[in-house]
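Peer 1: There's a structure below that I have some questions on.
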Amino acid sequence: MALLKNAALMGFTAVLVVVLPRFFQSPPPVITEGYVAPGFEDVLRAFRENFEIGRDPRTGGAAFAAYHRGKKVVDIWGGFADYESKQKWRQDTISIFFSSTKGAASVCIAMLVDRGLLDYNKPVAHYWPEFAQKGKEKITVKDMMEHKAGIAVSAPPGLSLELLQDVAKAGELMAKSEPQWKYDGHTHGYHGFTFGPLANELLRRVDPQHRTLGQFFKEEIAQPFDIDFHIGLPLESNHRVARLVLDRRPLLFQLLDSILTPTGRQVLMHSMKFDTLGQMMQNANEMSDLVVFNDPAYRAIELPSANGIGTAAGLAKLYGIISAGGTDIVTNHTLLTKERVNDFLDSDPASIDRILGAPLAFSRGMMVMDQLVDGVKMFGHPGAGGQHGWADPTDQVGFAYLSSSMLPYLVGEDQRVKHLIQSLYTCAKNVREL
């Protein structure tokens with residue numbers, strides 16, 4: 001009996017000390033800063049509103065940047081890079097873009113196609129002979145980039161972070177992996193993690209200097225075009241990284257959020273019927289718990305499918321150059337030819353993805369969508385937790401959104417981003433009509 005009384009007293013004390021004070025705490029202040037060009041003021045208003053009404057948690061931070069006709073028109077940020085230490089999000093704060101990294105990696109491959117070192121229509125094994133193992137000899141570069149190779153799950157022991165530290169060993173594992181389905185050039189299944197080592201090894205094989213994809217991006221894109229984005233973050237840059245704010249609510253609440261959206265319901269129902277997504281996450285070992293990316297040692301690993309780190313302004317500049325035709329209007333340096341830019345819009349109609357169970361369309365590594373803005377076809381890539389980077393060559397708009405608050409919404413259904421994109425396009429339309 002005395003033991004029960006002591007336990008009850010301890011529980012009551014915990015409520016008084018830990019829980020009760022939270023009811024009397026003032027909410028964190030809304031902090032937003034940055035630059036918007038004349039005519040784009042409503043984007044800043046929409047960004048601030050996200051924090052004011054709780055779309056973006058005030059204990060996290062976010063940034064949004066956009067280019068129009070090759071010029072930067074939005075570069076805004078707000079919230080906290082680390083709320084516990086009251087470290088505000090600054091202009092140079094960087095964070096993890098997760099799968100939005102696939103877009104940056106796809107640009108690297110496209111540059112090699114422009115240089116005649118790769119051909120999308122040739123088999124991967126033409127450049128990487130070992131890849132022909134286990135029936136993969138006919139898989140083309142294009143189909144590998146469009147998630148049609150069937151290697152969403154790699155051979156055992158899977159993609160541990162320790163393995164990924166050795167790019168050559170990761171490539172060997174990809175070559176030894178057996179496809180999950182028979183290659184037909186049509187069926188796609190999202191290669192959430194394996195896309196990175198596949199693209200990395202292919203690039204190493206054809207690059208005259210045999211650089212890794214992270215090194216190639218740094219030397220051919222980041223440095224010459226002044227783009228603050230890294231695939232494999234230098235340790236000395238870790239002081240700029242925002243701490244991820246993970247969704248630690250009970251699983252039931254996260255599932256409820258998922259079923260409130262059409263795509264979320266599709267993915268959930270598919271996962272209940274086929275455990276393909278679960279297999280992919282299990283194959284990723286410790287990476288399935290995103291908290292590991294708060295560790296500087298893991299941020300240094302080159303994973304071109306999920307570990308790109310940078311500013312929203314950096315990724316927006318990449319897509320801003322591409323959306324304006326592939327040439328930087330400031331320096332007149334060409335990143336991609338218009339032919340390669342047009343390739344990214346050349347996708348098959350959206351069809352059900354074998355891994356996720358939702359309708360998706362891919363082209364040369366980019367995801368192609370027209371749901372973010374009604375009737376506007378754009379390419380780019382979303383990332384876990386709400387990250388985004390997209391290009392719209394028709395309206396010459398490129399933009400990126402970055403948040404440290406990892407919310408469970410799928411692409412096209414995160415109200416934070418939809419609100420900002422709608423404001424951006426309304427402003428761009430008004431500016432064009434002046």
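The values are calculated or read from the model by the stated rules, or taken from the named source; none is laboratory data. These numbers were taken from a predicted model, which means no experiment stands behind them. All Cβ positions, glycine included, derive from the backbone under ideal geometry; neighbour counts span all protein chains shown. We work out accessible area using only protein heavy atoms, side chains counted, and drop any ligands, DNA or RNA first. Shrake-Rupley method; radii C 1.70, N 1.55, O 1.52, S 1.80 Å.
Peer 1: According to the square roots a ≥ b ≥ c of the eigenvalues of the Cα gyration tensor, what is the shape class of the chain, taking rounded for a/c under 1.5, prolate for a/b larger than b/c otherwise, and oblate for the remainder?
Peer 2: Verdict is oblate for the chain.
Peer 1: Using a Gaussian network model on the chain with a 10 Å cutoff between Cα atoms, which of GLU219, GLU413, GLU84 fluctuates the most?
Peer 2: Per the Cα network of the chain with a 10 Å cutoff, GLU84 tops the list.
Peer 1: So what's the net charge close to ALA175: Lys and Arg +1, Asp and Glu -1, counting the other residues with Cβ under 12 Å from its Cβ?
Peer 2: Net charge in that neighbourhood comes out at 0.
Peer 1: A follow-up question, please. Please enumerate, by chain and number, the aspartates and glutamates with C-alpha under 19 Å from the C-alpha of LYS169, excluding those fewer than 8 residues away in the same chain.
Peer 2: Result set, ordered by chain and number: GLU130, GLU178, GLU201, ASP207, GLU286, GLU302.
Peer 1: Please work out how much length the chain gains when fully extended from HIS126 to GLN91, using 0.36 nm per residue of separation minus the C-alpha to C-alpha distance, in nm with one decimal.
Peer 2: Full extension of this stretch gives 8.2 nm more.
Peer 1: Taking amide H atoms as placed 1.01 Å from N in the peptide plane, list the residues 5 or more away in sequence, or in a different chain, whose amide H sits under 5 Å from that of PHE80.
Peer 2: It is GLY60, GLY61, ALA62, TRP89, by chain and number.
Peer 1: Calculate, in nm to one decimal, what LYS134 and VAL431 gain on full extension: separation in residues at 0.36 nm each, minus their alpha carbon distance.
Peer 2: Here the segment from LYS134 to VAL431 would lengthen by 101.5 nm.
Peer 1: Let me ask something else about it. Looking at the chain as a GNM with Cα springs under 10 Å, which of PRO296, PRO393, PRO208 has the largest mean-square fluctuation?
Peer 2: Maximum fluctuation in the GNM of the chain, among the listed residues, is at PRO208.
Peer 1: When ranked by the protection proxy of mean other Cβ atoms within 10 Å per residue, highest first, what sequence do the peptides 340-349, 43-52 form?
Peer 2: Going from most to least packed, we get 43-52, 340-349.
Peer 1: Could you check the spin-label model distance between SER160 and ASP295? Points 7 Å from the Cα along Cα→Cβ, value in nm.
Peer 2: For SER160 paired with ASP295, the spin-label model returns 1.1 nm.
Peer 1: Is the stretch 92-168 rounded, prolate or oblate when judged by the Cα gyration tensor, a ≥ b ≥ c being the square roots of its eigenvalues, rounded requiring a/c under 1.5 and prolate requiring a/b larger than b/c?
Peer 2: Since a/c reaches 1.5 but b/c is at least a/b, the shape of the stretch 92-168 is classed as oblate.
Peer 1: How large is ³J(HN,Hα), in whole Hz, for each residue of the stretch 330-337 in order, when computed from phi with the Karplus curve 6.51 cos²θ - 1.76 cosθ + 1.60 and θ = phi - 60°, using x for Gly and Pro?
Peer 2: Working through the residues one at a time gives 7, 9, 6, 8, 8, 8, 9, 6 Hz.
Peer 1: To the nearest 500 deg cm²/dmol, what mean residue ellipticity at 222 nm is calculated for the chain from DSSP H runs of n ≥ 4 alone, each contributing -39,500 (n - 2.57), summed and divided by the residues?
Peer 2: Taking each H run of at least 4 residues, the total per residue is -10000 deg cm²/dmol.
Peer 1: Then there's this: Gap in Å between the Cα centre of the stretch 288-352 and the Cα centre of the stretch 103-176?
Peer 2: Taking the Cα centre of each part, the stretch 103-176 and the stretch 288-352 sit 18 Å apart.
Peer 1: Around LEU372, with a cut-off of 14 angstrom between Cβ atoms, what is the net charge of the other residues, counting Lys and Arg +1 and Asp and Glu -1?
Peer 2: -3
Peer 1: Send over a whole-number figure in Å² for the accessible area per residue of the chain, probe 1.4 Å.
Peer 2: About 44 Å² of surface per residue is accessible.
Peer 1: Is the shape of the stretch 342-428 rounded, prolate or oblate, going by the alpha carbon gyration tensor and its root eigenvalues a ≥ b ≥ c, with a/c under 1.5 for rounded and a/b larger than b/c for prolate?
Peer 2: oblate
Peer 1: What does the extension gain come out to for THR59 and MET269, with contour length at 0.36 nm per residue minus their alpha carbon separation?
Peer 2: Working it through step by step, the gained length comes to 72.4 nm.
Peer 1: Here is a further query. Provide the net charge surrounding TYR190, with neighbours chosen by a C-beta distance below 12 Å and charges set as Lys +1, Arg +1, Asp -1, Glu -1.
Peer 2: Neighbourhood net charge equals +1.
Peer 1: Mind listing the long-range amide H neighbours of VAL373? Cut-off is under 5 Å, sequence gap 5 or more, other chains count too, H placed in the peptide plane at 1.01 Å from N.
Peer 2: Sorted by chain and number, the residues that satisfy this come to none at all.
Peer 1: Right, another one. Which of ALA65, ALA132, ALA400 ends up with the largest GNM mean-square fluctuation for the chain, with Cα atoms connected below 10 Å?
Peer 2: ALA132
Peer 1: Taking every DSSP beta bridge with both residues inside the chain, roughly what % is antiparallel (nearest 5)? Display every interim value, and only then the final one.
Peer 2: Working: 46 of 48 bridges.
Around 95 percent of the beta bridges assigned by DSSP in the chain are antiparallel ones.
Peer 1: Can you work out ³J(HN,Hα) from phi for every residue in the stretch 110-126, in order, using Karplus 6.51 cos²θ - 1.76 cosθ + 1.60 and θ = phi - 60°, giving whole Hz and x for Gly and Pro?
Peer 2: Couplings: 5, 4, 5, 5, 4, 7, x, 8, 9, 10, 4, 8, 8, x, 4, 5, 4 Hz.
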